[in-house]
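Written out below as structure tokens is the structure these notes cover.
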Amino acid sequence: MSEMKEMILESAAKIFEKYSTKEVVNDAEKCQWAAELWENLEAYGMLGVGVPEELGGSGGDLDDALSILQMAGKYSAPIPLAETFIANWLLSDLGESIIEGIVTIPGQNSSEPFQLQKSGQGWIINGKAKYVPWARNAEKLLVPGESIDGTVLLVLPLEKAEIKPGKNMGGEARDEVIFDQVYIEECKTVSVDYSALTKKLYYAGALTRSVLMAGAIERVLDVTINHTNERSQFGRPIHRFQAIQHHLAALAGETAGAGIAAKYAVDAFGTNPFSKELAYAKIRINEAAGKVNTIAHQVLAAIGFTYEHTLHHSTRRLWSWREEFGTESDWEQVITEELLKLEKNELWSVITGVVNHAKKVGIQ
């Protein structure tokens with residue numbers, strides 16, 4: 001780890017520890033915005049990490065940004081950090097400056113392109129986006145749009161939108177945004193290819209959910225270990241019992257596997273945003289999430305199911321995030337389609353390529 005990355009993560013950890021507490025996460029599920037958390041991340045330049053300074057970012061690389069995001073997953077941070085990163089990546093790849101303020105994007109396949117009609121100096125906007133993270137708190141929405149000039153990437157202010165609140169299983173805001181003949185005087189538009197844009201959104205979404213889940217799985221391991229150290233039965237801590245040790249070993253193995261898969265995905269995405277390695281990572285981490293949740297709730301038993309305990313902050317988000325931007329079946333289909341395109345004798349090179357890349361990123 002570089003000295004710069006170590007400094008970034010140290011600062012991020014202090015912010016999340018102070019401003020993404022149990023109380024803040026619980027309050028967010030009751031529709032209270034985590035303003036102090038967002039404002040401190042913004043003040044320290046965390047929202048623009050991974051984007052060049054000349055485009056309004058804070059510098060650093062993709063790995064730096066996603067390391068912050070993994071920590072956000074560990075602390076169940078109730079903010080659209082993943083969505084902000086994706087929006088900024090899309091704009092910076094097009095040579096555009098990043099968006100100031102709270103920005104979000106629709107969930108996967110949740111909307112058709114918004115329709116734009118020129119009217120005087122502005123636009124009349126029509127469209128609907130479902131499952132939009134934190135739309136109720138966001139200031140701007142980044143979506144694909146269609147005008148007479150073709151497909152554009154559209155940045156819409158949300159003050160005139162109709163917003164219908166919703167939630168995922170983790171209690172995170174997932175809202176519906178509706179523009180019905182709404183006149184907007186000024187909105188940013190950038191010409192794009194629609195199919196390439198939607199594909200990049202899907203892959204970037206899978207990457208961010210994989211990283212968030214890796215962080216949440218790490219927290220589940222920490223919570224479970226702490227519980228087994230503190231909880232006693234028959235005069236000794238329960239981690240001394242062989243059955244519990246087997247559970248902890250399995251949990252630690254899944255946590256390590258998820259962390260490695262996330263690292264693998266980040267490295268692959270930096271080289272090719274449509275890499276099949278992202279599919280491998282999302283499948284592996286999705287599977288780990290299911291196993292980790294089962295093990296943790298078995299070990300903690302009844303107390304782990306109570307709202308007062310913090311375990312549910314991570315486990316409910318893991319159940320939600322594994323469904324977002326592709327389930328195991330969705331990504332298995334992507335891999336299958338890729339493998340069917342291979343020429344004779346190419347499968348071996350694919351398998352050895354995965355092994356060699358794993359060694360390159362430090363996976364033994």
If we keep only residues of the range 177-217 that are buried (at least 21 other Cβ atoms within 10 Å of the Cβ) and among the small types (Gly, Ala, Ser), then the residue nearest to SER76 (Cα to Cα) is ALA216
By residue number, the members of the range 294-330 that are closer than 22 Å to ALA262 by Cβ, open to solvent by 60 Å² or more (accessible area, probe 1.4 Å) and not in a helix (DSSP H, G or I) are GLU323
Across (1) modelled with pLDDT of 95 or more; (2) open to solvent by 80 Å² or more (accessible area, probe 1.4 Å), VAL220 clears everything bar (2)
Selection status of ILE163, in contact (Cβ under 8 Å) with a residue 12 or more places away in the chain and within 17 Å of CYS31 (Cα to Cα): yes
Requiring at least 1 residues that are modelled with pLDDT of 95 or more and over 21 Å from TYR203 (Cβ atoms), the helices (runs of 4 or more DSSP H) wholly within the range 1-97 are 3-19, 22-28, 35-43, 62-74
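Going by what's in this entry, would ALA129 be described as over 21 Å from VAL211 (Cα atoms), assigned to a loop (DSSP other than H, G, I, E, B) and open to solvent by less than 10 Å² (accessible area, probe 1.4 Å)? Lay out the reasoning, then the answer.
Values: over 21 Å from VAL211 (Cα atoms): yes; assigned to a loop (DSSP other than H, G, I, E, B): no; open to solvent by less than 10 Å² (accessible area, probe 1.4 Å): yes.
Judged against the criteria, ALA129 is not a match.
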With the first residue restricted to the range 240-263 and required to be more than 13 Å from ILE217 (Cα to Cα), and the second required to be in a helix (DSSP H, G or I) and of a type in the set (D, E, K, R), Cβ contacts under 9 Å at 6 or more apart or on different chains are LYS263/ASP63
Counting only residues in the range 227-267 that are within 27 Å of the chain's Cα centre (by Cα) and of a type in the set (Asp, Glu), the one least open to solvent (accessible area, probe 1.4 Å) is identified as GLU254
Q.
Tell me yes or no: at least one residue of the range 205-221 is farther than 30 Å from VAL132 by Cβ and touching a residue at least 24 places away in the same chain (Cβ under 8 Å).
A. yes
> For ILE68, are the conditions met, namely being under 22 Å from LYS130 (Cβ atoms), in contact (Cβ under 8 Å) with a residue 40 or more places away in the chain, crowded, with 16+ Cβ neighbours inside 10 Å and in contact with a helix residue (DSSP H, G or I) (Cβ under 9 Å, 6 or more places away or on another chain)?
Replying inline: no
With criteria (1) surrounded by 22 or more Cβ atoms within 10 Å (Cβ to Cβ); (2) under 24 Å from HIS309 (Cβ atoms), VAL51 comes up short on (2)
Over the range 132-160, the set of residues within 21 Å of ALA82 (Cα to Cα), open to solvent by 30 Å² or more (accessible area, probe 1.4 Å) and part of a loop (DSSP other than H, G, I, E, B) is ARG136, ASN137, GLU139
Of the residues in the range 104-120, those that are modelled with pLDDT under 95, open to solvent by less than 20 Å² (accessible area, probe 1.4 Å) and part of a strand (DSSP E or B) come to PHE114, LEU116
Can you say whether ASP27 is under 17 Å from the mean Cα position of the chain (by Cα) and open to solvent by 40 Å² or more (accessible area, probe 1.4 Å), as far as the supplied structure shows? no
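The values are calculated or read from the model by the stated rules, or taken from the named source; none is laboratory data. No experiment lies behind these values; they were computed from the predicted model shown. Here the Cβ is made from the backbone with ideal geometry for all residues, glycine too, and neighbour counts use every protein chain on show. Heads up: the accessible areas ignore ligands, DNA and RNA and are worked out on the full protein's heavy atoms, side chains in. Shrake-Rupley method; radii C 1.70, N 1.55, O 1.52, S 1.80 Å.
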